[in-house]
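Chemist: Supplied in structure tokens, the structure appears directly below.
The values are calculated or read from the model by the stated rules, or taken from the named source; none is laboratory data. These numbers were taken from a predicted model, which means no experiment stands behind them. Please note: Cβ atoms are built from the backbone with ideal geometry, for glycine as well, and neighbour counts cover all protein chains shown.
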Amino acid sequence: MTVQITISVEGAQRGLRAALASLPESYRIVSDARDADVVVVDGGTPWATRTRALLAAGRTTVLIVDPDRFDADLIGELRQIAASAGSAVEVIRGWASDPAVEPFSDAVRDAVSPIMADSTMICDASGDVDRAQREHLDLVAAALGAPLEILDDQRVEGSRVVTAQAARDGASLLVVCCTVAMPGVEAEATVRLLTESGRLLLRLRSPDSARPAQSLIGDADGEVIAPYVYESAYRAVLRRLRASIPAGT
Amino acid sequence: MSIGVGIIGGGAVTQSIHLPTLARLPELFSVKHVMDIDPDTARLVADRSGARWTTRYEDVLDDPEVDVVAVCSPPAWHPEQVIAACRAGKRTVLCEKPLANSVEEGSAMLAAARASGTRLVVGAMHLHDPGWLELLAHSESLSTSASLIRSSIVLPYNDRYERWGTEFRVPPRRPIPPTGTAAERAAVLTQRMLGVAIHDLPLIRVHLAEWRDIVVTHVRLINPTGYAVTVRSGAQILQLSGSMRDYWRPEWDLDLYGERQRLSVTFTPSYVHAGSASGRLVTGRDSVVVGSRPQNGYEMEWVHLAQIHAGARIPEDPATLLDDIEFALSIAGAAARRMEEDG
């Protein structure tokens, strides 16, 4: 019998709880963080402070879900603290953790002669547009496999346009990211990398959507559509996390 | 009785766009005279249409069988040839884009047209595209309220399509001009803005509330033949990017995002002789979808020209033509200056 990982969840975490419901052999939810192998921290709260406290209290693994301000440097710092204590810190980001992103990023890494990248995200205007833009830039950085250095940031009511560059083989790749807020829309994002003789395209729906990401890799011979993966970012990260934790911990 | 057409400039646009289009409209037009500075090209192009040929544009203007003059020469020649066509008494003139190289030139051309009563049409095929026009009619409420306008023109090199559009000889690709200095980069950027981006600038201009008030906030040349330009115009952002390269998939998109409406248009690549733009206008939870119409912008451009020539259609207000070229030149100029400033 598989040994279940105990997990405590702070906050409502609808998407995460749905993913846990689909992993009944891997995880068992407990109400007290002190009894949990994995403690889930709500990214909408002061997550860094909470994570530090949990690590100081000796928790084995902390899973931060949808941090409202993803900061790669801060996450790295927390991971170092965790590693020195024999613990771990994982992060789920609704867009950037989509299971289609990592293979797309691998294809980007292998792409020859990239010339520019662009991306457009449409988000629901009833939400936080600034947060949507941060998640958008986070997604693009994950898809391109490199952090973005912002060169220009234009903001008007309803729209943001960020021009950035990403380090690539000792050169810089231009990246243009448009974020648009509109009422009543299903959020979606399209990331595109143009190369001198091809195109890589990743189209993602809202992390809450049932529709899977589409990933297309094109070259002179045609275009390949990657198989659809009907798995949420939450479930993909939970599965990976489960595999990384030895049974019986 | 068909309208006699005289063509000045027998290059790729004439061979691959205008002649195949005119050949599909025999009840409206017949090509009578073709001029090119290269006699072999002039003869070849003229022979295919059963027209006379010459290496002097004045011969086209002097030809009494030429009712309409199509100026398809390099842009530097447009002012002289358009003004000469007006002074020769030609009633209708089609000038390929860009109309002029400066606002002053454009003003002089329009003044000449006004003086002679010549109707001037600018070869901007998307302005005549039936798919675009249908979507535009549905999107009146979008007007100048779009917070973001995004034009992305990512195409294969033209010769991929020219070879499908005609049996004529296609000139070899021109070498990419040098971009070693800031001045060279600025010149190349201007060329790309007035050669590629210009196709959609008239469509964009009418959706900008303060189109004379523009600030280029970022500009970059994209290798091998592209550009990326971000423009701020009052409370609106304009993002222009384009690239031509050796890849088969064309993506020619114009997207306007308003407070409640989103207009997304996909145009067919240049030189393709089938079908119009298609697109979707989304308003809240409602969508209007316009599929490809059988006639494309090139064909409708000539149909509209025939109607204007016959007095059955009011030509574009000359002030609009001048505004369009002023806008295109101001964007290209501001982008080039920004590029030079950036070094």
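Chemist: Given the condition in the same structural domain as B:GLY242 (by TED's automatic domain parsing), of a type in the set (S, T, N, Q) and under 19 Å from the mean Cα position of the chain (by Cα), answer yes or no: does some residue in region B:144-154 qualify? So that I can check it myself, show each step before the final result.
Modeler: Of region B:144-154, the ones in the same structural domain as B:GLY242 (by TED's automatic domain parsing) are B:144-154.
Still in the list and also of a type in the set (S, T, N, Q): B:144-145, B:147, B:151-152.
Right, trim to under 19 Å from the mean Cα position of the chain (by Cα) and you get B:151-152.
There is at least one residue in region B:144-154 that is in the same structural domain as B:GLY242 (by TED's automatic domain parsing), of a type in the set (S, T, N, Q) and under 19 Å from the mean Cα position of the chain (by Cα).
Chemist: Still on this structure: Yes or no: B:ALA182 assigned by TED's automatic domain parsing to the domain that holds B:THR266 and in contact with a helix residue (DSSP H, G or I) (Cβ under 7 Å, 6 or more places away or on another chain)? Can you show your working first?
Modeler: Numbers: assigned by TED's automatic domain parsing to the domain that holds B:THR266: yes; in contact with a helix residue (DSSP H, G or I) (Cβ under 7 Å, 6 or more places away or on another chain): yes.
Yes; evaluated as a whole, the condition is true for this residue.
Chemist: Please verify whether region A:202-212 includes one or more residues that are within 14 Å of chain B (Cβ to nearest Cβ), closer than 15 Å to A:VAL140 by Cα and either assigned to a strand (DSSP E or B) or in contact with a helix residue (DSSP H, G or I) (Cβ under 6 Å, 6 or more places away or on another chain) (or both). If you could, list the steps in order and put the result at the bottom.
Modeler: So the first thing to find is which residues in region A:202-212 are within 14 Å of chain B (Cβ to nearest Cβ), and the list is A:203.
Then keep just the ones that are closer than 15 Å to A:VAL140 by Cα; that gives A:203.
Still in the running and either assigned to a strand (DSSP E or B) or in contact with a helix residue (DSSP H, G or I) (Cβ under 6 Å, 6 or more places away or on another chain) (or both): A:203.
Checking region A:202-212: at least one residue is within 14 Å of chain B (Cβ to nearest Cβ), closer than 15 Å to A:VAL140 by Cα and either assigned to a strand (DSSP E or B) or in contact with a helix residue (DSSP H, G or I) (Cβ under 6 Å, 6 or more places away or on another chain) (or both).
Chemist: Okay, next question. For region B:246-257, give me each residue that is facing chain A (nearest Cβ under 7 Å) and either in contact with a helix residue (DSSP H, G or I) (Cβ under 6 Å, 6 or more places away or on another chain) or at pLDDT 95 or above (or both).
Modeler: Within region B:246-257, just B:TYR257 meets the criteria.
Chemist: Same structure, new question: Taking A:ILE225 as meeting all but one of (1) surrounded by 13 or more Cβ atoms within 10 Å (Cβ to Cβ); (2) hydrophobic (A, V, I, L, M, F, W, C); (3) farther than 30 Å from A:VAL62 by Cα, write down the number of the exception.
Modeler: Condition not satisfied by A:ILE225: (1).
Chemist: For residues that are charged (D, E, K, R) and within 14 Å of chain A (Cβ to nearest Cβ), scanning just region B:117-167, find the one that is farthest from B:GLN236 (Cα to Cα).
Modeler: Quick first cut of region B:117-167, residues charged (D, E, K, R) only: B:119, B:129, B:134, B:140, B:150, B:159-160, B:162-163, B:167.
From what is left, the residues that are within 14 Å of chain A (Cβ to nearest Cβ) are B:150, B:160.
On the way: B:ARG150: 11, B:ARG160: 36 Å.
Within region B:117-167, the match that is farthest from B:GLN236 (Cα to Cα) is B:ARG160.
Chemist: With respect to B:SER243, determine if the residue is under 18 Å from the mean Cα position of the chain (by Cα), closer than 22 Å to B:LYS97 by Cβ and more than 10 Å from chain A (Cβ to nearest Cβ). Working first, answer last.
Modeler: Working: under 18 Å from the mean Cα position of the chain (by Cα): yes; closer than 22 Å to B:LYS97 by Cβ: yes; more than 10 Å from chain A (Cβ to nearest Cβ): no.
When the stated conditions are applied, B:SER243 does not pass them.
Chemist: A follow-up question, please. Considering only residues that are within 14 Å of chain A (Cβ to nearest Cβ) and either buried (at least 20 other Cβ atoms within 10 Å of the Cβ) or farther than 25 Å from A:THR179 by Cβ (or both), which ones fall in region B:258-281?
Modeler: First, the residues of region B:258-281 that are within 14 Å of chain A (Cβ to nearest Cβ): B:258-264, B:266, B:280-281.
Result: B:GLY258, B:GLN261, B:ARG262, B:LEU263, B:LEU281.
Chemist: Turning to a different aspect of this structure: Looking at this structure, is B:VAL60 outside any helix (DSSP H, G or I), among the hydrophobic types (A, V, I, L, M, F, W, C), at pLDDT 95 or above and more than 24 Å from B:ASP317 (Cβ to Cβ)?
Modeler: Details: outside any helix (DSSP H, G or I): no; among the hydrophobic types (A, V, I, L, M, F, W, C): yes; at pLDDT 95 or above: yes; more than 24 Å from B:ASP317 (Cβ to Cβ): yes.
When the stated conditions are applied, B:VAL60 does not pass them.
Chemist: Another one. Taking the options B:ARG220, B:ARG232, name whichever one is over 20 Å from the mean Cα position of the chain (by Cα), within 7 Å of chain A (Cβ to nearest Cβ), over 19 Å from A:GLU196 (Cβ atoms) and in a strand (DSSP E or B).
Modeler: Numbers: B:ARG220 fails: over 19 Å from A:GLU196 (Cβ atoms).
On inspection, the qualifying residue turns out to be B:ARG232.
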